Amino acid sequence: MNYENLIFAVEDKIAIVTLNRPKALNALNSALLGELSQLVDTVGKDDSIEAVIITGAGDKAFVAGADIAEMKGKTPLEARAFSQLGNAIFTKIERLPQPVIAAVNGFALGGGCELAMACDIRLASPNAKFGQPEVNLGIVAGFGGTQRLPRLVGVGIAKELLMTADMISAERAAQIGLVNHVVEADQLLDKAKEMAKKMLSKAPYAVQFSKKLVNEGMNVDLDRALALESEVFGTLFGTEDRLEGMSAFVEKRPASFRKK
Ligand code: CAA
(Lines give C-alpha, C1' and ligand atoms only; values in the text may rest on other atoms or scores of the structure.)
Protein backbone atom coordinates (compact mmCIF):
# COMPACT_ATOMS: atom_id res chain seq x y z
CA MET A 1 0.00 0.00 0.00
CA ASN A 2 1.21 3.51 -0.84
CA TYR A 3 0.91 6.15 1.83
CA GLU A 4 0.88 9.89 1.16
CA ASN A 5 1.30 11.07 4.73
CA LEU A 6 3.40 8.26 6.16
CA ILE A 7 6.69 6.61 5.34
CA PHE A 8 6.72 2.92 6.14
CA ALA A 9 9.89 0.83 6.20
CA VAL A 10 10.83 -2.50 7.75
CA GLU A 11 14.39 -3.15 8.92
CA ASP A 12 15.43 -6.29 10.78
CA LYS A 13 11.77 -7.12 11.57
CA ILE A 14 11.27 -3.63 13.02
CA ALA A 15 8.65 -1.42 11.34
CA ILE A 16 9.63 2.23 11.20
CA VAL A 17 6.62 4.49 10.76
CA THR A 18 7.41 8.14 9.98
CA LEU A 19 4.56 10.63 10.12
CA ASN A 20 5.24 12.74 7.10
CA ARG A 21 3.62 16.18 6.84
CA PRO A 22 6.69 18.20 7.84
CA LYS A 23 5.33 21.48 6.42
CA ALA A 24 2.51 21.30 8.97
CA LEU A 25 4.83 19.89 11.66
CA ASN A 26 3.25 16.47 11.01
CA ALA A 27 -0.13 17.64 12.32
CA LEU A 28 -2.74 14.89 12.37
CA ASN A 29 -5.41 15.52 9.74
CA SER A 30 -8.09 13.02 8.71
CA ALA A 31 -6.04 11.77 5.77
CA LEU A 32 -3.01 11.01 7.94
CA LEU A 33 -5.15 9.41 10.65
CA GLY A 34 -6.89 7.21 8.05
CA GLU A 35 -3.55 6.00 6.73
CA LEU A 36 -2.22 5.45 10.24
CA SER A 37 -5.28 3.38 11.10
CA GLN A 38 -4.79 1.15 8.03
CA LEU A 39 -1.10 0.80 8.73
CA VAL A 40 -1.71 -0.21 12.35
CA ASP A 41 -4.19 -2.87 11.19
CA THR A 42 -1.65 -4.21 8.69
CA VAL A 43 1.22 -4.26 11.19
CA GLY A 44 -0.93 -5.89 13.89
CA LYS A 45 -1.64 -8.85 11.60
CA ASP A 46 1.91 -9.22 10.29
CA ASP A 47 3.85 -11.82 12.28
CA SER A 48 7.05 -10.93 10.44
CA ILE A 49 7.03 -7.49 12.13
CA GLU A 50 8.21 -7.88 15.71
CA ALA A 51 8.50 -4.27 16.89
CA VAL A 52 7.39 -0.82 15.79
CA ILE A 53 9.06 2.58 15.99
CA ILE A 54 7.01 5.74 15.40
CA THR A 55 8.72 9.03 14.61
CA GLY A 56 8.12 12.33 12.78
CA ALA A 57 9.59 13.61 9.51
CA GLY A 58 11.98 16.57 9.68
CA ASP A 59 14.05 17.77 12.59
CA LYS A 60 11.46 20.05 14.16
CA ALA A 61 8.43 17.99 15.11
CA PHE A 62 7.27 14.55 16.13
CA VAL A 63 3.65 15.71 15.80
CA ALA A 64 2.41 19.23 16.62
CA GLY A 65 -1.09 17.98 17.38
CA ALA A 66 -4.34 17.48 15.57
CA ASP A 67 -4.60 19.66 12.48
CA ILE A 68 -6.11 22.89 13.78
CA ALA A 69 -6.87 24.28 10.32
CA GLU A 70 -8.93 21.17 9.54
CA MET A 71 -10.58 21.07 12.99
CA LYS A 72 -11.60 24.71 12.86
CA GLY A 73 -14.69 24.08 10.72
CA LYS A 74 -15.99 21.07 12.62
CA THR A 75 -19.41 21.01 14.27
CA PRO A 76 -19.69 19.54 17.80
CA LEU A 77 -20.92 16.24 16.34
CA GLU A 78 -18.08 16.08 13.82
CA ALA A 79 -15.58 16.97 16.55
CA ARG A 80 -16.86 14.17 18.76
CA ALA A 81 -16.49 11.71 15.88
CA PHE A 82 -12.94 13.01 15.25
CA SER A 83 -12.04 12.47 18.89
CA GLN A 84 -13.57 8.98 18.80
CA LEU A 85 -11.57 8.21 15.65
CA GLY A 86 -8.29 9.38 17.20
CA ASN A 87 -9.01 7.50 20.41
CA ALA A 88 -9.82 4.32 18.50
CA ILE A 89 -6.59 4.50 16.46
CA PHE A 90 -4.36 5.30 19.44
CA THR A 91 -5.96 2.50 21.45
CA LYS A 92 -5.20 0.12 18.55
CA ILE A 93 -1.58 1.28 18.73
CA GLU A 94 -1.52 0.74 22.50
CA ARG A 95 -2.90 -2.77 22.02
CA LEU A 96 -0.60 -3.85 19.19
CA PRO A 97 0.98 -7.20 20.09
CA GLN A 98 4.40 -5.80 19.18
CA PRO A 99 6.38 -3.41 21.39
CA VAL A 100 5.93 0.16 20.12
CA ILE A 101 8.58 2.84 20.73
CA ALA A 102 8.00 6.54 20.08
CA ALA A 103 11.16 8.29 18.89
CA VAL A 104 10.14 11.85 19.69
CA ASN A 105 12.31 14.10 17.54
CA GLY A 106 10.75 17.52 18.25
CA PHE A 107 7.38 19.01 19.20
CA ALA A 108 4.97 16.46 20.69
CA LEU A 109 1.98 18.66 21.42
CA GLY A 110 -1.68 17.84 21.84
CA GLY A 111 -2.39 14.80 19.65
CA GLY A 112 1.40 14.38 19.29
CA CYS A 113 1.91 13.97 23.01
CA GLU A 114 -1.15 11.71 23.04
CA LEU A 115 0.28 9.55 20.24
CA ALA A 116 3.57 9.24 22.11
CA MET A 117 1.67 8.21 25.25
CA ALA A 118 -0.14 5.45 23.36
CA CYS A 119 3.29 3.90 22.65
CA ASP A 120 4.96 1.59 25.17
CA ILE A 121 8.19 3.58 25.45
CA ARG A 122 9.11 7.18 24.69
CA LEU A 123 12.65 8.21 23.73
CA ALA A 124 13.16 11.91 23.06
CA SER A 125 15.81 14.10 21.51
CA PRO A 126 17.01 17.03 23.64
CA ASN A 127 15.04 19.50 21.46
CA ALA A 128 11.74 17.66 21.97
CA LYS A 129 8.94 19.59 23.65
CA PHE A 130 5.86 18.09 25.21
CA GLY A 131 2.54 19.65 26.09
CA GLN A 132 -1.22 19.54 25.95
CA PRO A 133 -2.01 23.05 24.70
CA GLU A 134 -5.71 22.42 23.95
CA VAL A 135 -6.98 24.94 26.53
CA ASN A 136 -5.33 27.63 24.38
CA LEU A 137 -7.84 26.64 21.68
CA GLY A 138 -10.95 26.43 23.85
CA ILE A 139 -11.04 22.63 23.87
CA VAL A 140 -9.80 19.70 25.96
CA ALA A 141 -7.35 17.04 24.84
CA GLY A 142 -9.30 14.68 22.59
CA PHE A 143 -7.04 11.75 21.73
CA GLY A 144 -6.58 10.33 25.23
CA GLY A 145 -4.58 13.08 26.94
CA THR A 146 -6.89 13.57 29.89
CA GLN A 147 -6.66 9.85 30.66
CA ARG A 148 -3.21 8.60 29.63
CA LEU A 149 -1.31 11.60 31.03
CA PRO A 150 -2.49 11.14 34.66
CA ARG A 151 -1.85 7.40 34.37
CA LEU A 152 1.74 8.11 33.28
CA VAL A 153 2.77 11.09 35.41
CA GLY A 154 0.18 11.23 38.21
CA VAL A 155 -2.91 13.35 38.64
CA GLY A 156 -1.29 16.55 39.96
CA ILE A 157 1.26 17.05 37.20
CA ALA A 158 -1.22 15.94 34.55
CA LYS A 159 -3.72 18.54 35.71
CA GLU A 160 -1.01 21.20 35.69
CA LEU A 161 -0.03 20.39 32.10
CA LEU A 162 -3.63 20.07 30.90
CA MET A 163 -4.86 23.21 32.65
CA THR A 164 -1.91 25.57 31.98
CA ALA A 165 -0.98 24.38 28.46
CA ASP A 166 2.67 24.66 29.54
CA MET A 167 5.19 23.22 27.14
CA ILE A 168 7.94 21.21 28.86
CA SER A 169 11.42 20.19 27.78
CA ALA A 170 12.52 16.63 27.11
CA GLU A 171 14.56 16.78 30.29
CA ARG A 172 11.54 17.78 32.39
CA ALA A 173 9.45 15.13 30.60
CA ALA A 174 12.03 12.53 31.65
CA GLN A 175 11.93 13.79 35.26
CA ILE A 176 8.16 13.29 35.47
CA GLY A 177 8.19 9.89 33.76
CA LEU A 178 6.64 11.02 30.49
CA VAL A 179 9.86 10.14 28.67
CA ASN A 180 12.00 7.06 29.32
CA HIS A 181 15.31 8.46 28.03
CA VAL A 182 16.65 11.60 26.39
CA VAL A 183 18.96 10.69 23.51
CA GLU A 184 21.01 12.91 21.17
CA ALA A 185 19.01 13.65 18.02
CA ASP A 186 21.43 11.88 15.68
CA GLN A 187 21.27 8.72 17.80
CA LEU A 188 17.55 8.69 18.49
CA LEU A 189 16.49 6.14 15.88
CA ASP A 190 19.47 3.91 16.56
CA LYS A 191 18.70 3.91 20.26
CA ALA A 192 15.07 3.05 19.53
CA LYS A 193 16.19 0.17 17.28
CA GLU A 194 18.64 -1.00 19.94
CA MET A 195 15.91 -1.08 22.57
CA ALA A 196 13.55 -2.87 20.19
CA LYS A 197 16.24 -5.48 19.45
CA LYS A 198 16.82 -6.02 23.15
CA MET A 199 13.12 -6.76 23.60
CA LEU A 200 13.18 -9.05 20.55
CA SER A 201 16.02 -11.06 22.09
CA LYS A 202 13.81 -12.00 25.06
CA ALA A 203 11.09 -14.67 25.24
CA PRO A 204 8.46 -13.29 22.80
CA TYR A 205 5.29 -14.33 24.65
CA ALA A 206 6.75 -13.12 27.93
CA VAL A 207 7.43 -9.68 26.42
CA GLN A 208 4.01 -9.56 24.75
CA PHE A 209 2.16 -10.51 27.92
CA SER A 210 4.19 -8.13 30.09
CA LYS A 211 2.82 -5.33 27.91
CA LYS A 212 -0.72 -6.71 27.94
CA LEU A 213 -0.75 -7.16 31.72
CA VAL A 214 0.40 -3.58 32.34
CA ASN A 215 -2.18 -2.23 29.86
CA GLU A 216 -5.07 -4.30 31.15
CA GLY A 217 -4.09 -4.04 34.80
CA MET A 218 -4.24 -0.23 34.66
CA ASN A 219 -7.92 -0.43 33.76
CA VAL A 220 -9.19 -2.83 36.42
CA ASP A 221 -8.95 -3.00 40.21
CA LEU A 222 -5.82 -4.42 41.85
CA ASP A 223 -7.40 -7.78 42.82
CA ARG A 224 -8.48 -8.41 39.22
CA ALA A 225 -5.12 -7.21 37.89
CA LEU A 226 -3.19 -9.55 40.20
CA ALA A 227 -5.49 -12.44 39.25
CA LEU A 228 -4.72 -11.75 35.57
CA GLU A 229 -1.00 -11.71 36.34
CA SER A 230 -1.18 -15.10 38.09
CA GLU A 231 -3.18 -16.53 35.19
CA VAL A 232 -0.56 -15.45 32.64
CA PHE A 233 2.32 -16.47 34.93
CA GLY A 234 0.84 -19.98 35.06
CA THR A 235 0.06 -20.13 31.35
CA LEU A 236 3.61 -19.23 30.36
CA PHE A 237 4.92 -22.20 32.35
CA GLY A 238 3.33 -24.30 29.59
CA THR A 239 5.54 -22.79 26.89
CA GLU A 240 8.73 -24.24 25.42
CA ASP A 241 10.39 -20.85 25.76
CA ARG A 242 9.86 -20.95 29.53
CA LEU A 243 11.58 -24.33 29.69
CA GLU A 244 14.37 -23.03 27.44
CA GLY A 245 14.84 -19.86 29.52
CA MET A 246 15.10 -21.71 32.81
CA SER A 247 17.20 -24.57 31.38
CA ALA A 248 19.61 -22.05 29.83
CA PHE A 249 20.00 -20.32 33.19
CA VAL A 250 20.68 -23.58 35.02
CA GLU A 251 23.06 -24.78 32.26
CA LYS A 252 24.84 -21.38 32.23
CA ARG A 253 24.32 -20.79 28.50
CA PRO A 254 22.43 -18.14 26.50
CA ALA A 255 18.77 -18.95 25.87
CA SER A 256 17.48 -19.44 22.37
CA PHE A 257 13.78 -18.53 22.23
CA ARG A 258 11.46 -19.72 19.48
CA LYS A 259 8.04 -18.21 20.29
CA LYS A 260 6.69 -21.57 21.40
N1 CAA B 1 -2.31 22.06 13.01
C2 CAA B 1 -2.16 22.59 11.78
N3 CAA B 1 -1.04 23.20 11.37
C4 CAA B 1 -0.03 23.29 12.24
C5 CAA B 1 -0.11 22.76 13.54
C6 CAA B 1 -1.32 22.13 13.92
N7 CAA B 1 -1.47 21.55 15.11
N8 CAA B 1 1.05 23.05 14.18
C9 CAA B 1 1.82 23.69 13.31
N10 CAA B 1 1.17 23.84 12.13
C11 CAA B 1 1.67 24.50 10.93
C12 CAA B 1 1.65 26.02 11.08
O13 CAA B 1 0.37 26.52 10.81
C14 CAA B 1 2.68 26.43 10.06
O15 CAA B 1 2.09 26.36 8.79
P16 CAA B 1 2.39 27.57 7.71
O17 CAA B 1 3.87 27.49 7.47
O18 CAA B 1 1.57 27.15 6.54
O19 CAA B 1 1.96 28.82 8.37
C20 CAA B 1 3.70 25.30 10.15
O21 CAA B 1 3.04 24.19 10.74
C22 CAA B 1 4.92 25.65 11.00
O23 CAA B 1 4.43 26.06 12.26
P24 CAA B 1 4.83 27.45 12.95
O25 CAA B 1 5.15 28.47 11.91
O26 CAA B 1 3.75 27.80 13.92
O27 CAA B 1 6.17 27.04 13.68
P28 CAA B 1 6.77 27.66 15.01
O29 CAA B 1 8.14 27.07 15.13
O30 CAA B 1 6.63 29.13 15.02
O31 CAA B 1 5.85 27.08 16.18
C32 CAA B 1 4.62 25.38 17.38
C33 CAA B 1 5.80 25.69 16.43
C34 CAA B 1 4.90 25.97 18.75
C35 CAA B 1 4.51 23.86 17.47
C36 CAA B 1 3.32 25.98 16.80
O37 CAA B 1 3.22 25.59 15.44
C38 CAA B 1 2.08 25.56 17.50
O39 CAA B 1 1.78 26.07 18.56
N40 CAA B 1 1.31 24.60 16.91
C41 CAA B 1 0.06 24.20 17.44
C42 CAA B 1 0.24 23.26 18.62
C43 CAA B 1 -1.10 22.86 19.21
O44 CAA B 1 -1.87 23.68 19.66
N45 CAA B 1 -1.39 21.54 19.20
C46 CAA B 1 -2.62 21.01 19.71
C47 CAA B 1 -3.62 20.86 18.62
S48 CAA B 1 -5.22 20.42 19.23
C49 CAA B 1 -5.16 18.77 19.52
O50 CAA B 1 -4.16 18.13 19.28
C51 CAA B 1 -6.43 18.21 20.05
C52 CAA B 1 -6.34 16.76 20.41
O53 CAA B 1 -6.07 16.41 21.54
C54 CAA B 1 -6.65 15.76 19.46
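Accessible surface computed residue by residue for segment 204-250, with neighbouring protein chains in place and a 1.4 Å probe, gives 68 Å² per residue.
Residue 218 sits with roughly 100 Å² accessible to a 1.4 Å probe, with DNA, RNA and ligands left out of the calculation. Among DSSP beta bridges lying fully in the chain, give the percent that are antiparallel, nearest 5. Within the chain, antiparallel bridges account for around 25 percent of the total. The residues of segment 96-165 have, on average, 33 Å² of accessible surface per residue, using a 1.4 Å probe with all protein chains present. Only helices reaching 24 angstrom along their own axis (Cα) with mean Kyte-Doolittle hydropathy no lower than -0.5 count here, and for the DSSP H runs of the chain these are 76-94. Counting charges near residue 34 (Lys, Arg +1; Asp, Glu -1) among other residues having Cβ under 14 Å from its Cβ returns a value of -3.
Apolar share of the accessible surface for the chain: 56 percent from carbon plus sulfur atoms, 1.4 Å probe.
Between amide H atoms placed 1.01 Å from N, distances below 5 Å from residue 10 occur with 16, all of them 5 or more places distant or on a separate chain. The GluC sites (Glu not before Pro) of segment 204-260 that meet both conditions, a loop assignment by DSSP and at most 15 other Cβ atoms within 10 Å of the site Cβ, are 251.
Among the GluC sites (Glu not before Pro) in segment 15-71, none is located in a DSSP loop while being surrounded by at most 13 other Cβ atoms within 10 Å of its own Cβ. Say R0 is 25 Å: what FRET efficiency, to the nearest 0.05, do residue 256 and residue 194 get from their beta-carbon distance? For R0 = 25 Å, the calculated efficiency reads 0.75.
The listed peptides 1-7, 164-170, ordered by packing as a protection proxy, come out as 164-170, 1-7 (highest mean of other Cβ atoms within 10 Å first).
Note down the net charge around residue 206, summing +1 for each Lys or Arg and -1 for each Asp or Glu among other residues with Cβ under 9 Å from its Cβ. Surrounding charge for residue 206 is +1. Note on segment 204-250: with charges restricted to the Cβ of Lys and Arg (+1) and Asp and Glu (-1), its dipole about the Cα centre is near 100 debye.
Once each part is reduced to its C-alpha centroid, what is the distance from segment 70-149 to segment 1-57 in angstrom? Answer, in whole Å: 15. Most tightly packed first, judged by the mean number of other beta-carbon atoms within 10 Å of their residues, the peptides 111-123, 15-27 read 111-123, 15-27.
The simple spin-label model puts a point 7 Å past each Cα toward its Cβ; for residue 74 and residue 225 those points are separated by 3.0 nm.
The values are calculated or read from the model by the stated rules, or taken from the named source; none is laboratory data. Predicted model only: the values in this text are computed from it and were never measured. Here the Cβ is made from the backbone with ideal geometry for all residues, glycine too, and neighbour counts use every protein chain on show. We work out accessible area using only protein heavy atoms, side chains counted, and drop any ligands, DNA or RNA first. Shrake-Rupley method; radii C 1.70, N 1.55, O 1.52, S 1.80 Å.
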